[in-house]
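Here the structure comes first, spelled out in structure tokens, and everything after it is commentary.
Just so it is clear, none of the values below were taken in a lab; they were calculated from the coordinates. Here the structure is a predicted model, which is why all the values come from computation and not from measurement. Note: ideal-geometry Cβ built from the backbone for every residue, glycine included; neighbour counts use all protein chains shown.
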Amino acid sequence: MRTEWRRELDWWLKARLRWSAPVFKRRLRDPERLRQRLDAAAVRRWRELASRYDLSRWVEVCSLDEYRECLAVLDLLDRHAGAAPASGRGLDIGSKNGSYLPALVTWHGGGWDGIEIDAHLRYWNLATRRGWAESMLRPWPDCRYIAGSLLDLDPDASRYAVVTWFLPFVTPTPFIAWGLPRRFFMPQRMLEHAWRLLAPGGRMLVVNQGEAEAEAQQGLFEVAGIAATGLGEVGGVFDHPSMPPRYGWLVERTV
Ligand SMILES: C[S@@+](CC[C@H](N)C(=O)[O-])C[C@H]1O[C@@H](n2cnc3c(N)ncnc32)[C@H](O)[C@@H]1O
């Protein structure tokens, strides 16, 4: 387990060494390679999604695993997030390396911002998460990957028609395992800020991993006085069988 000073040192270094090497990856040029790994129910659902959404650009940027992750995210949005908003931008909180951003753009084409505090984390090939995410977003110039904290987004400057928040840190243990300095763990403040960033009529989908995190999430909603509809288990046919169950919440902001 890393000590706190070591987390702070890593953070300090990452903030200064921002350059990213170019991203090289094996792209899924032939989706048949993925089809062979999916069961019949997943292939049927893939066909069904492809008949309603344009997935054609995913092969330009996705590896096999990223394509599968995008299918899982699009499937989840399609089943649980209601109709995509008619207009307005979307915000994804904690976008990691942007691996599933193509799914968000495919679901709602109004332009997305993905915000990630740990954007300068570096992979073994010297590419950073930011570099990776920017390469994922190349086909969609109206989307942005923002290296920074959710708390730095100003609700007076921009509000969003839709917010997605997959696997927020709501309990300390996974947060500490992630390696960020502890001072960034503020789940209540983060949730209340996300709420302020929602435009009137906007919607937020939150997905938690495991029952304990879903319970913690419910507590955060209650303290914030935010009415959230529990969606129950939201796992789908594209999830890896080893994945813990996931639970969803939908929040609608009327005013
Ligand atoms: C458990 S990961 C989930 C990543 C991704 N959403 C997914 O579903 O795979 C949580 C992410 O939130 C990011 N994060 C934590 N605090 C944040 C903040 N204040 N602003 C933006 N991102 C934050 C972390 O760096 C991490 O990438």
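Of the candidates 87, 99, the single residue that is assigned to a loop (DSSP other than H, G, I, E, B) and touching a Gly at 6+ places or on another chain (Cβ under 7 Å) is 87.
Checked against (1) under 25 Å from residue 101 (Cα atoms); (2) more than 10 Å from the ligand (Cβ to nearest atom); (3) surrounded by 13 or more Cβ atoms within 10 Å (Cβ to Cβ), residue 233 passes all but a single condition, namely (3). Residue 164 satisfies every condition listed in (1) near the ligand (Cβ under 9 Å from one of its atoms); (2) β-branched (Val, Ile, Thr); (3) more than 18 Å from the chain's Cα centre (by Cα) except (3).
Residue-wise test of (1) over 24 Å from residue 51 (Cα atoms); (2) within 15 Å of the ligand (Cβ to nearest atom); (3) touching a helix residue (DSSP H, G or I) at 6+ places or on another chain (Cβ under 9 Å); (4) not in a helix (DSSP H, G or I).
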position: 110; (1), (2), (3), (4): no, no, no, yes
position: 133; (1), (2), (3), (4): yes, yes, yes, no
position: 151; (1), (2), (3), (4): yes, yes, yes, no
position: 157; (1), (2), (3), (4): yes, no, no, yes
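Residue count for the stretch 118-171, restricted to those that are surrounded by fewer than 20 Cβ atoms within 10 Å (Cβ to Cβ), touching a residue at least 60 places away in the same chain (Cβ under 8 Å), under 25 Å from residue 251 (Cβ atoms) and among the aliphatic types (A, V, I, L, M): 1. Selection of the stretch 1-32 for residues being under 27 Å from residue 55 (Cα atoms) and part of a loop (DSSP other than H, G, I, E, B) yields 22, 23, 24, 25, 26, 27, 28, 29, 30, 31.
Does at least one position in the stretch 175-197 carry a residue that is of a type in the set (Val, Ile, Thr), part of a loop (DSSP other than H, G, I, E, B), within 15 Å of the ligand (Cβ to nearest atom) and buried (at least 16 other Cβ atoms within 10 Å of the Cβ)?
So in the stretch 175-197, the residues of a type in the set (Val, Ile, Thr) come out as 176.
Adding the requirement that they be part of a loop (DSSP other than H, G, I, E, B) leaves none.
No, that holds for no residue.
Restricting 92, 39, 75 to residues that are acidic (Asp, Glu), at negative phi and surrounded by fewer than 21 Cβ atoms within 10 Å (Cβ to Cβ) narrows the list to 39.
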